[in-house]
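A.B. asks: Before I ask anything, here is the structure I am working with.
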Amino acid sequence: MTSDRGPGHRIDLHAHSTASDGTLSPAELVRAAADVGLDVVAITDHDTTAGWAPAVAALPAGLRLVRGAELSCRWFGADPPVPLHLLAYLFDPDDPELVAELARVRAAREVRGERIVDLLRADGIDVDWAEILTGAGGGTVGRPHIAQALIRAGLVATTTEAFGPDWLGERYRLPKEDIDVFHAVRLVRAAGGVPVFAHPRATRRGRVVPDELIAELAAAGLAGLEADHEDHSPEERAHVRGLAAELGLFFTGSSDFHGTHKTVRLGAFTTSPEAYERIVAGAGGVTGIASG
Ligand code: AMP
Ligand code: ZN
Ligand code: FE
Ligand code: FE
């Protein structure tokens, strides 16, 4: 599972903190990354850069931090549109268009979260929106925070169960107001960032997009594909790697660590130094890699 390339080359480019739906604070995240022996870690919270400054401030000696985010996107070429995630690395966090778009998505997430709570309450399920918002601690609100309320209420035992079809996976699932994925790729590039399609083949999470769409995104500026991810089967990983080679993109491997909201461990999947170098070389948003 872990592709360990020896010292200096343990690179995990997808991790969440309390700035979104992870359970470690940004400072705890970078310390945990050093503790598990990573040389490079990326902080990629959903639709926010709020974790960047505290992560940089707490960076342990020897660890490099790639500042990033995971953007909530949608492909409108299918009916209904397909939700997807775009990892964006090293973009300018003050780019006005990107800042406005992320703020819009975060606000829409709150509206959607409260509507999910309304649906649950209409069915007599006692969850409280104010409490869920408090639980999110000012970070980007997501279904994992609602899942915690279902666990607290004793309705489900685990986050995984809360994402089942009877709960947030289907019955009480509402769409977010995501960013059109082509617009997102262009916004990230315009802000000097490097866009990478997160878990593009994760059929276990729901519908996936066709390879033709990925080719179109590559033509629009997509730089890489996340191949090694726990939500991809071995066949899906191989397929994504092959597609990346075909399209001239790099591929990454990452944990998508969420603290105790998921079972995957930090560093469970890693990225090659070659792919990492392509990200660094392709970036012009934030200057350089923060280094502890
Ligand atoms: P949202 O962004 O609000 O739509 O929630 C999606 C987030 O929930 C993802 O980023 C994952 O972190 C998490 N998630 C999705 N499916 C599962 C699952 N089956 N078990 C645990 N967490 C999940
Ligand atoms: Zn998440
Ligand atoms: Fe994701
Ligand atoms: Fe993620």
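A.B. asks: Restricting to the range 70-112, name every residue that is within 14 Å of ligand 3 (Cβ to nearest atom) and either free of Cβ contacts under 8 Å to residues at least 40 places away in the same chain or in contact with a Ser or Thr (Cβ under 6 Å, 6 or more places away or on another chain) (or both).
C.D. replies: Within the range 70-112, Glu70, Leu87, Val105 qualify.
A.B. asks: Out of all the residues in the range 74-82, is one or more open to solvent by less than 10 Å² (accessible area, probe 1.4 Å), under 30 Å from Thr270 (Cα atoms) and not aromatic (Phe, Trp, Tyr)?
C.D. replies: There is at least one residue in the range 74-82 that is open to solvent by less than 10 Å² (accessible area, probe 1.4 Å), under 30 Å from Thr270 (Cα atoms) and not aromatic (Phe, Trp, Tyr).
A.B. asks: Let me ask something additional. For the range 114-138, name all the residues that are open to solvent by less than 10 Å² (accessible area, probe 1.4 Å) and not in a helix (DSSP H, G or I).
C.D. replies: Once the filter is applied, which keeps residues that are open to solvent by less than 10 Å² (accessible area, probe 1.4 Å) and not in a helix (DSSP H, G or I), the range 114-138 yields only Val127.
A.B. asks: Hey, another quick one. Just checking, how many residues over the range 55-90 are closer than 21 Å to Leu24 by Cα and of a type in the set (Asp, Glu)?
C.D. replies: Going through the range 55-90 one residue at a time, the tally reaches 1.
A.B. asks: Which residues, counting only those in the range 43-64, are of a type in the set (A, V, I, L, M) and either touching an Asp or Glu at 6+ places or on another chain (Cβ under 7 Å) or surrounded by fewer than 24 Cβ atoms within 10 Å (Cβ to Cβ) (or both)?
C.D. replies: Those that are of a type in the set (A, V, I, L, M) and either touching an Asp or Glu at 6+ places or on another chain (Cβ under 7 Å) or surrounded by fewer than 24 Cβ atoms within 10 Å (Cβ to Cβ) (or both): Ala50, Ala53, Val56, Ala57, Ala58, Leu59, Ala61, Leu63.
A.B. asks: Working carefully through the options Thr203, Thr252, find the one that is under 18 Å from the mean Cα position of the chain (by Cα), under 24 Å from Pro83 (Cβ atoms) and loosely packed, with under 15 Cβ neighbours inside 10 Å.
C.D. replies: The unique qualifying residue is Thr203.
A.B. asks: Further question on the same structure: I'd like the residue in the range 127-184 that is in contact with a helix residue (DSSP H, G or I) (Cβ under 8 Å, 6 or more places away or on another chain) and among the hydroxyl-bearing types (Ser, Thr, Tyr) and, out of all such residues, is farthest from ligand 1 (Cβ to nearest atom).
C.D. replies: Looking at the filtered set, the residue picked out is Tyr172.
A.B. asks: Listed residues Ala32, Ala15, Ala53; which is touching a helix residue (DSSP H, G or I) at 6+ places or on another chain (Cβ under 9 Å) and over 19 Å from Thr263 (Cα atoms)?
C.D. replies: Going through Ala32, Ala15, Ala53 in turn, just one is touching a helix residue (DSSP H, G or I) at 6+ places or on another chain (Cβ under 9 Å) and over 19 Å from Thr263 (Cα atoms): Ala53.
A.B. asks: Give me the pairs: first residue in the range 146-169 and within 12 Å of Ile132 (Cβ to Cβ), second residue assigned to a loop (DSSP other than H, G, I, E, B) and among the aromatic types (Phe, Trp, Tyr), beta-carbon distance under 9 Å, and six or more apart or on different chains, which are they?
C.D. replies: Listed pairs, sorted by first residue: Ile146/Trp167; Ile146/Tyr172; Ala147/Phe163; Ala147/Trp167; Leu150/Trp167.
A.B. asks: Considering every residue within the range 217-227, establish whether at least one is assigned to a helix (DSSP H, G or I), without any contact (Cβ under 8 Å) to a residue 60 or more places away in the chain and closer than 26 Å to Leu119 by Cβ.
C.D. replies: no
A.B. asks: Moving on. If you go through the range 156-177 one residue at a time, how many are away from ligand 2 (no atom under 15 Å from the Cβ) and either basic (Lys, Arg) or buried (at least 17 other Cβ atoms within 10 Å of the Cβ) (or both)?
C.D. replies: Looking only at that region, the number is 4.
A.B. asks: Now, a different point. Name the pairs: first residue in the range 253-264 and in contact (Cβ under 8 Å) with a residue 40 or more places away in the chain and closer than 19 Å to Gly224 by Cα, second residue near ligand 4 (Cβ under 9 Å from one of its atoms) and of a type in the set (A, V, I, L, M, F, W, C), Cβ to Cβ under 7 Å, at least 6 apart or on different chains?
C.D. replies: Cβ pairs passing all conditions: Ser255/Ala15.
A.B. asks: Follow-up. Within the range 237-292, which residues are under 30 Å from His145 (Cα atoms), more than 16 Å from ligand 1 (Cβ to nearest atom) and part of a helix (DSSP H, G or I)?
C.D. replies: Arg237
A.B. asks: Here is a follow-up. Residues Leu71, Leu59, Leu29, Leu65: which one is under 14 Å from Gly267 (Cβ atoms) and either in contact with a strand residue (DSSP E or B) (Cβ under 6 Å, 6 or more places away or on another chain) or within 16 Å of ligand 1 (Cβ to nearest atom) (or both)?
C.D. replies: Leu29
A.B. asks: So Val286 passes all but one of these: (1) among the β-branched types (Val, Ile, Thr); (2) open to solvent by 10 Å² or more (accessible area, probe 1.4 Å); (3) over 27 Å from Val141 (Cβ atoms). Which condition number does it fail?
C.D. replies: In the conditions (1) among the β-branched types (Val, Ile, Thr); (2) open to solvent by 10 Å² or more (accessible area, probe 1.4 Å); (3) over 27 Å from Val141 (Cβ atoms), Val286 misses (3) alone.
The values are calculated or read from the model by the stated rules, or taken from the named source; none is laboratory data. Being a predicted model, the structure only gives us computed values, none of them experimental. FYI the Cβ positions are ideal-geometry reconstructions off the backbone, even for glycines, and counts take in every protein chain you see. Side chains included, ligands, DNA and RNA excluded: accessible areas come from the protein's heavy atoms. Shrake-Rupley method; radii C 1.70, N 1.55, O 1.52, S 1.80 Å.
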